[in-house]
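**Q** Once you've had a glance at the structure underneath, I'll fire off some questions.
The values are calculated or read from the model by the stated rules, or taken from the named source; none is laboratory data. What you see is a predicted model, and the numbers here were worked out from it, not measured in a lab. Cβ placement follows ideal geometry from the backbone for every residue including glycine, while neighbour counts extend to all protein chains displayed. Note: accessible area is taken over every heavy atom of the protein model, side chains too, but ligands, DNA and RNA are not part of it. Shrake-Rupley method; radii C 1.70, N 1.55, O 1.52, S 1.80 Å.
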Amino acid sequence: DRCPLIMALALSNAFTAMSREARRHERRTKNPAKPELPLFDEEEMLMKFAMPGPNAPDDFLNGAFAPKGANDSDPALKFLHGTTTLGFVFSQGIIIAVDSRASMGSYIGSQTVKKCIEITPYLLGTMAGGAADCQFWERHLGRLCRLYELRNKERITTAAASKLLHNIMYSYKGYGLSMGTMIAGWDKDIGPNLYYCDSEGTRVKGQKFSVGSGSPYAYGVLDEGYKFEMSIDEACELGRRSIYHATFRDAMSGGRVSVYHVHQDGWTKISMDDVQMLHEKYMKEAGRTTPAWNHM
């Protein structure tokens with residue numbers, strides 16, 4: 001008698017389970033679940049990713065320079081650079097002397113910047129203005145000079161190297177470059193040559209140049225002591241003393257004074273002196289005491 005009852009309960013449970021599954025299936029078909037989204041869509045992320053640098057440099061520079069119709073070459077963002085570099089030709093080659101302070105206005109970023117860039121074994125370049133601009137383009141110039149050597153089986157002349165740099169800077173005129181450089185070298189069958197190039201498109205050959213915020217002070221010493229017939233030691237001391245006096249009077253120049261001699265066999269680094277040591281040395285030679293507060 002109990003068998004029909006058990007069978008009835010089993011059938012009831014089976015129909016209940018079937019109806020439950022049917023209702024669940026009905027809910028699924030009426031409200032399908034949203035597919036699981038990936039962590040990111042590659043195409044969408046690439047489209048929205050902020051790329052460094054604009055596609056239109058002119059539009060980007062509108063915020064850095066004066067509006068059109070005013071003075072296009074007058075920067076609205078005025079970066080306060082500071083340095084002192086010099087170079088002069090004498091009877092035994094060229095002397096290049098530089099300081100080593102990197103500054104932005106009253107902020108001193110470094111005291112050990114290498115402002116004399118060794119372009120090739122026969123060419124030297126100096127940097128004044130924007131450190132990144134000078135370092136990048138003068139190293140690029142070194143690459144171009146090496147390619148010239150490989151193609152022509154002879155080293156490039158100082159005039160040609162300075163012209164390459166001048167063409168690059170002139171093509172970027174008005175785009176925010178800040179460069180004032182000297183290119184010094186010894187050319188075969190010609191002798192020593194010294195050129196000045198800057199980001200405004202200037203390229204000048206000369207006997208002596210000084211570039212940077214401290215150049216008026218350096219010119220004062222250089223003009224007073226310069227003569228074409230000098231020994232190497234005299235010429236090096238003139239360059240060293242000129243840079244020292246600039247660092248003493250110009251707050252944006254300082255650090256160390258490096259002196260290079262460009263000669264027939266290439267260039268040689270003569271010395272690198274801390275300006276404080278030079279100050280104490282020159283004060284002692286002049287018979288004067290050095291103030292304890294004076295540290296450059």
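**Q** Can you tell me which residue in the range 262-291 is surrounded by the fewest Cβ atoms within 10 Å (Cβ to Cβ), limited to those that are touching a helix residue (DSSP H, G or I) at 6+ places or on another chain (Cβ under 6 Å) and outside any helix (DSSP H, G or I)?
**A** If we take residues in the range 262-291 being touching a helix residue (DSSP H, G or I) at 6+ places or on another chain (Cβ under 6 Å) and outside any helix (DSSP H, G or I), then Thr290 is surrounded by the fewest Cβ atoms within 10 Å (Cβ to Cβ).
**Q** Just to verify a result, which residue in the range 148-194, among those that are part of a loop (DSSP other than H, G, I, E, B) and open to solvent by 90 Å² or more (accessible area, probe 1.4 Å), is farthest from Ser213 (Cα to Cα)?
**A** Lys153
**Q** Does the range 125-133 contain at least one residue that is among the polar types (S, T, N, Q) and at pLDDT below 90?
**A** Scanning the range 125-133 turns up no residue that is among the polar types (S, T, N, Q) and at pLDDT below 90.
**Q** Within the set of pairs 6+ apart or on separate chains, which have a first residue in the range 167-188 that is among the charged types (D, E, K, R), a second that is open to solvent by less than 50 Å² (accessible area, probe 1.4 Å) and outside any strand (DSSP E or B), and C-beta atoms under 6 Å apart?
**A** Note: pairs meeting the criteria are Lys173/Gly201; Asp187/Thr158.
**Q** Note down all Cβ pairs under 7 Å where the first residue falls in the range 217-228 and is within 15 Å of Gly206 (Cβ to Cβ) and of a type outside the set (Lys, Arg), the second is at pLDDT below 95 and part of a loop (DSSP other than H, G, I, E, B), and they're at least six residues apart or on different chains.
**A** Final answer for the pair search is Ala218/Thr84; Phe228/Ser91.
**Q** Might you check whether a residue that is in a helix (DSSP H, G or I) and either under 21 Å from Glu118 (Cβ atoms) or open to solvent by less than 30 Å² (accessible area, probe 1.4 Å) (or both) occurs anywhere in the range 203-215?
**A** So far as the range 203-215 goes, yes, one or more of its residues are in a helix (DSSP H, G or I) and either under 21 Å from Glu118 (Cβ atoms) or open to solvent by less than 30 Å² (accessible area, probe 1.4 Å) (or both).
**Q** To continue, here is another question. Quick check on the range 250-261. Is at least one of its residues modelled with pLDDT of 90 or more, buried (at least 16 other Cβ atoms within 10 Å of the Cβ), farther than 20 Å from Tyr107 by Cα and polar (S, T, N, Q)?
**A** yes
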